[in-house]
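To start, the structure itself, in structure tokens.
Every number here is computed from the coordinates shown, using simple stated rules; none is lab data. Values in this document were obtained by computation on a predicted structure and should not be read as measured data. Because the Cβ atoms are built from the backbone with ideal geometry, glycine has one as well, and the counts that use them run over all protein chains shown.
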Amino acid sequence: MQEIIKYQEIDIKIKKLNAELKANANGQKALEMQQFLKDVQTKLVSLDENAKALSQQYDKSVAVYNEFIKKLDNLVKEVDTAGGEKAASMVPIIEKFSSDAEKLDNHISSLQGRMNAVSRDVKNLVDNAVKARHNRDIYKAEFDKEREKIEPQINALKSELAKQRAKVSPELLAKYDAKADGKMSEVFVPEINGKCKGCRMEISAGKMSLLNSNGIIECENCGRYIYK
Ligand SMILES: [Zn+2]
């Protein structure tokens, strides 16, 4: 029994150190920054697609606009040479062309505005990413200092644990392994004044006599193993 208790103590120490590392504020900050950088990457990809689509629309619109202006120029020349009634009849056509050209021009301006907005978004994201990367490196360096202190302790405990494991009966190890991976930190707890030390529940008279004869029982309340 003593050997499994010792094994449990070492195992709990390792778990505590691992939890300490996981909860380390610098480590968590570094992870946050890392996640932020990942999100930025995704956003940049979608902005890039946006920019490409806008640029294609822009090129197309400009080509249509230039074609329009050419036609308008020709019409104006025709009016100049035609004169009289024919010229007068062409005026509404030219007006329609002019107003369509103006609409296209507005469309091109709005496309330009949207392209500028995308460029601004990209620039902001990249600026923020540069800051985040800088901060991540600082947090990570701080975390690494902590890790370099704790990891050797964990490794030493792990080799101690492996040695101790050889001393424990397979039966008790199986009991321990089955429950130690869950939320339970202590799987084996002593009986103290007729109570389970894990959950403070009173042990029934029947269970108590079983404990006295077997030396070990399973707590009916918390599932831990209670030993004498
Ligand atoms: Zn209990």
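Of the residues that sit in region 174-217 and are basic (K, R) and surrounded by fewer than 14 Cβ atoms within 10 Å (Cβ to Cβ), which one is farthest from the chain's Cα centre (by Cα)?
Start the filter on region 174-217 by keeping residues that are basic (K, R), which leaves 175, 179, 183, 195, 197, 200, 207.
Next cut, surrounded by fewer than 14 Cβ atoms within 10 Å (Cβ to Cβ) only: 183, 200.
Working: K183: 24, R200: 40 Å.
Within region 174-217, the match that is farthest from the chain's Cα centre (by Cα) is R200.
Using the structure shown, decide if K52 is touching a residue at least 60 places away in the same chain (Cβ under 8 Å) and of a type in the set (K, R).
So K52 does not fit the description; no.
Right, G198: within 12 Å of the ligand (Cβ to nearest atom), in contact with a helix residue (DSSP H, G or I) (Cβ under 8 Å, 6 or more places away or on another chain) and under 21 Å from I4 (Cβ atoms) or not?
Values: within 12 Å of the ligand (Cβ to nearest atom): yes; in contact with a helix residue (DSSP H, G or I) (Cβ under 8 Å, 6 or more places away or on another chain): no; under 21 Å from I4 (Cβ atoms): yes.
Criteria not met by G198.
Considering each residue of region 186-228, count those that are of a type in the set (V, I, T) and in a loop (DSSP other than H, G, I, E, B), and give that number.
2
Can we say E67 is of a type outside the set (S, T, N, Q) and exposed (fewer than 14 other Cβ atoms within 10 Å of the Cβ)?
Criteria met by E67.
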